[in-house]
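Q: Let me give you the structure first, and then I'll get to my questions.
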């Protein structure tokens, strides 16, 4: 099956530094994929390899099943992390210019530019110099330039950075709109909330290596979930739940009205509703119920933190080995 | 091709819609014209300088006045000879002797010319220095007039330029002036003293100085003739000098164009780097398309400039054509004939294209490494020095076109575009022309290849001025450490 984007064991080194280390990832058609990682994790380098801006030292990149060449790149819209435009050009000319470079005819490109600018509320600035626009307006122009040619694959590198909350929300809407149009979307970010709201699947990288690749649900499952139950009358959930396969731990604090909170750890395949049902069936007088879902941020911190710790351990080990050899 | 066209078009429109382009377009010919015409304009529009002579017997004052007037006479005489050579059909050969006779009879230049032949088109130079009677007799007394504190004459605020005081005992002349730079009057005074000494020596030998002068005037002239390609011998005219002057003009134009337009490449690339446009561009066009488009844009820009200047020059020449001296028209015609000779036209065009590509690619590569013009200056300095070197040899191309230094330096590929053009009027053998063009073409290919790599390092890997510094350190230190680019 041909996927819009594939990286296969892609590696990129800069001198002695390995920016991306054997990264494999696939972006399926019609998906919105979040590419997550801390600053310096190798996200931009991976995207640049995928787009053919730089060639991988090892492994390979494919767009729509082919090496990234101009023909395939015409189906791609790319918003780079480091953004900029020709300041003396007008928004209209800019959008049309990049659309024409992607293969649109002059007439279609200008018509599309007018239409996009109008919809984005920039119709009045269509012929102004970009240097006269505000930063937010200029960013909008760049985003419009990225999707003017209606690409099948949109790759957005840190698209939300530098945008105020209102424009971030507007961009989220735009991404959803493009997805509805049929575009496959891959965007990198280190702001988890955007990924949680938009993505069907995510890829996490840290220190140039992939640490997670899967759906959002799978990501949440990494940390395990829990449910909090409040009972009255001194009911002992710790003794009542194990027969149903749940482990409950008493929390230290007791509410002023005498309610005791218990934390039920959920393992793979269990969910909070099942825990509640088991407690009721065990005759527990339930006074409160709070399903506790892991947030992507916690998953991210956990995975990336583990990767960073592992990296640090390897570095120290390597240092010790070199010292011993010396 | 489409992407190259789009990139070139965008860059070109970006350049021509900037104020800088129009300023350069309009001001450049004006500045060049000012440079060319300034010396003669200054000379012709010099206000008359007033001088005085304090000489008890008056002989020196008279000698000096004659000497100053003789410059104007020589100038007119030179023009009459030129007319005799270049427009013999309408020229009366007796005009020159008649002019000399009138001068010898004591007529001033204007009257002598009128007596020689009425209606001759000769430009008579204005008098630069005008004698006035001494307003004071001592140095102290003359000082206020020389400083302009006191005015000489009755009309307007006239300042005394210089005073020459002759010592009656020794004959020594003191030249007194506030202006220590202009030495026209001073050298005329020196000649006048020598004239006087010569007259005394001739008189002591029983010879009349006027007879000696008449003999000098009647001395046979040197007639310059040239052997042509086919062995024919003919009179040397200004048209023979045209190829050399044309070569210098073309080489200078090429140098000036390269110097003017490659800066656009540099600043355009710096803008793209500093505005972070490279990644967007590189996912829309190939690196080769990007480079080709940019070079094409600036090439067309230089053609635009040249077209404007040439068309403007032709229009100005046509408008001014009526008042143009025959010699100038003849020279321009010869200049045009030089340009259409295939032996000059083809190597010139190739030099222009290859020279432009070489320097354009270098500036493009440098621009991709720099975030700002200030940063670029660090890298540009050595290149600018290289660009300046050929300029030093432009005058040599006229005075000593067959110089072995010129010939040797023309084999240095970065100088070849300019120096080859300078050497073309010498009738270079075809193998040498082909060799020079071949070496230049090979160097151009190497530079384009290297520029592509540097551009990639700058645009894709973010290599900068620091990377160049590290590379040089590695080179000097013999290291082979690989940079991040």
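Q: Which helices (runs of 4 or more DSSP H) sit wholly inside region B:337-446 and have at least 2 residues that are within 21 Å of residue B:457 (Cα to Cα)? So that I can check it myself, show each step before the final result.
A: Numbers: elements: B:342-368, B:373-392, B:394-399, B:404-409, B:416-423.
Ranges flagged: B:342-368, B:373-392.
Q: Among the numbered criteria (1) at the interface with chain B (Cβ under 10 Å from one of its Cβ atoms); (2) in a loop (DSSP other than H, G, I, E, B); (3) closer than 18 Å to residue A:6 by Cβ, which one does residue A:78 miss?
A: Tallying (1) at the interface with chain B (Cβ under 10 Å from one of its Cβ atoms); (2) in a loop (DSSP other than H, G, I, E, B); (3) closer than 18 Å to residue A:6 by Cβ, residue A:78 fails exactly one: (2).
Q: Same structure, new question: Does region A:174-183 contain at least one residue that is part of a loop (DSSP other than H, G, I, E, B) and either under 13 Å from the mean Cα position of the chain (by Cα) or farther than 19 Å from residue A:74 by Cα (or both)?
A: no
Q: Suppose we filter B:278, B:256 for residues that are away from chain A (no Cβ under 13 Å), touching a helix residue (DSSP H, G or I) at 6+ places or on another chain (Cβ under 8 Å) and either farther than 28 Å from residue B:420 by Cβ or surrounded by fewer than 21 Cβ atoms within 10 Å (Cβ to Cβ) (or both); which single one remains? Walk me through how you get there before you give the answer.
A: On the way: B:278 fails: away from chain A (no Cβ under 13 Å).
After ruling out the rest, the residue left standing is B:256.
Q: Also, I was wondering about something else. Among the strands (runs of 3 or more DSSP E) lying completely within region B:159-235, list those that include at least 3 residues that are surrounded by 10 or more Cβ atoms within 10 Å (Cβ to Cβ).
A: Output list reads B:160-166, B:173-177.
Q: Can you tell me which condition residue A:183 does not meet? The list is (1) touching a strand residue (DSSP E or B) at 6+ places or on another chain (Cβ under 9 Å); (2) under 18 Å from residue A:85 (Cβ atoms), and all the others hold.
A: The one condition residue A:183 does not meet is (2).
Q: Out of all the residues in region B:1-24, which are without any contact (Cβ under 8 Å) to a residue 40 or more places away in the chain and more than 9 Å from chain A (Cβ to nearest Cβ)?
A: Once the filter is applied, which keeps residues that are without any contact (Cβ under 8 Å) to a residue 40 or more places away in the chain and more than 9 Å from chain A (Cβ to nearest Cβ), region B:1-24 yields B:1, B:19, B:20, B:22, B:23.
Q: Under 19 Å from residue B:277 (Cα atoms), within 14 Å of chain B (Cβ to nearest Cβ) and more than 29 Å from the chain's Cα centre (by Cα), is that true of residue A:109?
A: Numbers: under 19 Å from residue B:277 (Cα atoms): no; within 14 Å of chain B (Cβ to nearest Cβ): yes; more than 29 Å from the chain's Cα centre (by Cα): yes.
No, not satisfied.
Q: What strands (runs of 3 or more DSSP E) lie completely within region A:3-55 and have 2 or more residues being within 13 Å of chain B (Cβ to nearest Cβ)? Let's see the steps before the verdict.
A: On the way: elements: A:5-14, A:17-27, A:32-36.
Qualifying strands (runs of 3 or more DSSP E): A:5-14, A:17-27.
Q: Please work out which one of (1) touching a strand residue (DSSP E or B) at 6+ places or on another chain (Cβ under 7 Å); (2) surrounded by 17 or more Cβ atoms within 10 Å (Cβ to Cβ); (3) over 26 Å from residue A:209 (Cα atoms) is the condition residue A:300 fails and give its number.
A: Answer for residue A:300: the failing condition is (3).
Q: Next up: For residue A:93, indicate whether it is within 14 Å of chain B (Cβ to nearest Cβ), surrounded by 14 or more Cβ atoms within 10 Å (Cβ to Cβ) and over 30 Å from the mean Cα position of the chain (by Cα). Steps first, answer last, please.
A: On the way: within 14 Å of chain B (Cβ to nearest Cβ): yes; surrounded by 14 or more Cβ atoms within 10 Å (Cβ to Cβ): yes; over 30 Å from the mean Cα position of the chain (by Cα): yes.
So residue A:93 passes the test.
Q: Ok, one more. Only one residue in B:53, B:48, B:76, B:85 is in contact with a strand residue (DSSP E or B) (Cβ under 9 Å, 6 or more places away or on another chain), surrounded by 18 or more Cβ atoms within 10 Å (Cβ to Cβ) and farther than 16 Å from residue B:213 by Cβ. Which one? Even if it seems obvious, please write down each step before you answer.
A: Details: B:48 fails: surrounded by 18 or more Cβ atoms within 10 Å (Cβ to Cβ); B:76 fails: in contact with a strand residue (DSSP E or B) (Cβ under 9 Å, 6 or more places away or on another chain); B:85 fails: surrounded by 18 or more Cβ atoms within 10 Å (Cβ to Cβ).
Among B:53, B:48, B:76, B:85, only B:53 is in contact with a strand residue (DSSP E or B) (Cβ under 9 Å, 6 or more places away or on another chain), surrounded by 18 or more Cβ atoms within 10 Å (Cβ to Cβ) and farther than 16 Å from residue B:213 by Cβ.
Read the figures in this text as sums done on the coordinates, not as results from a lab. Every value quoted in this text rests on a predicted model; they were computed, and no experiment measured them. Every residue, glycine as well, gets a Cβ built from its backbone with ideal geometry; the counts of neighbours run over all protein chains shown.
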